[in-house]
Amino acid sequence: MLIYKIFRADEWAALERDGQSVGAPVDLADGFVHFSTAEQAGETAAKHFAGAEGLVLLACEADAMGDVLKWEVSRGGALFPHLYRELRLSDVLWSQPLPLVDGIHRFPQEMT
């Protein structure tokens, strides 16, 4: 199953440069890297990245992350994937820009 991480351009650039990342400031504060499922990603973008441009969407395979990926109750009682180690560049299957179109982030077709 694919899970998704939204990064700002500088966070993505740091992951590419360093090969790993502890995530965004919210991830560092919470002690894990936040991910979303395909169904959750749109609401995540709207809630945490409203109006933000220059975002990058990362796709990772949940099963490949093993037991350091925990599914925990979060927003609205839904289970969200949380990674309890650094995100590695080798975890990323693909990345794509997440453009802002008319105030809404446009997700890739393969997610829908």
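The values are calculated or read from the model by the stated rules, or taken from the named source; none is laboratory data. Since the structure is predicted, the reported quantities are computational estimates derived from the model, not experimental observations. So basically every Cβ, Gly included, is an ideal-geometry build from the backbone, and we count neighbours across all protein chains shown.
Close Cβ contacts (under 6 Å, 6 or more residues apart or on different chains) running from residues in region 62-78 that are under 14 Å from THR37 (Cα atoms) to residues that are exposed (fewer than 10 other Cβ atoms within 10 Å of the Cβ) comprise ALA62/MET1. Here is the figure for region 94-110: residues that are surrounded by 12 or more Cβ atoms within 10 Å (Cβ to Cβ) and assigned to a strand (DSSP E or B) total 7.
Could we say that PHE49 is without any contact (Cβ under 8 Å) to a residue 60 or more places away in the chain and touching a Phe, Trp or Tyr at 6+ places or on another chain (Cβ under 9 Å) here? Break it down stepwise before answering.
Working: without any contact (Cβ under 8 Å) to a residue 60 or more places away in the chain: yes; touching a Phe, Trp or Tyr at 6+ places or on another chain (Cβ under 9 Å): no.
No: the conditions fail for PHE49.
Tell me, please, whether a residue that is at pLDDT below 95 and not aliphatic (A, V, I, L, M) can be found in region 86-100. Among the residues of region 86-100, not one is at pLDDT below 95 and not aliphatic (A, V, I, L, M), which makes the answer no. Identification of strands (runs of 3 or more DSSP E) wholly contained in region 1-85 with 1 or more residues that are among the charged types (D, E, K, R) and under 20 Å from MET111 (Cα atoms) yields 2-8, 55-61.
Looking at region 6-29 only, could you name the residues that are out of contact with any strand residue (DSSP E or B) (no Cβ under 8 Å at 6 or more places or on another chain) and over 15 Å from TRP94 (Cα atoms)? So that I can check it myself, show each step before the final result.
To start, the set of residues in region 6-29 that are out of contact with any strand residue (DSSP E or B) (no Cβ under 8 Å at 6 or more places or on another chain) comprises 10, 13, 16-18, 25, 28-29.
Once the filter is applied, which keeps residues that are out of contact with any strand residue (DSSP E or B) (no Cβ under 8 Å at 6 or more places or on another chain) and over 15 Å from TRP94 (Cα atoms), region 6-29 yields ASP10, ARG17, ASP18, PRO25, LEU28, ALA29.
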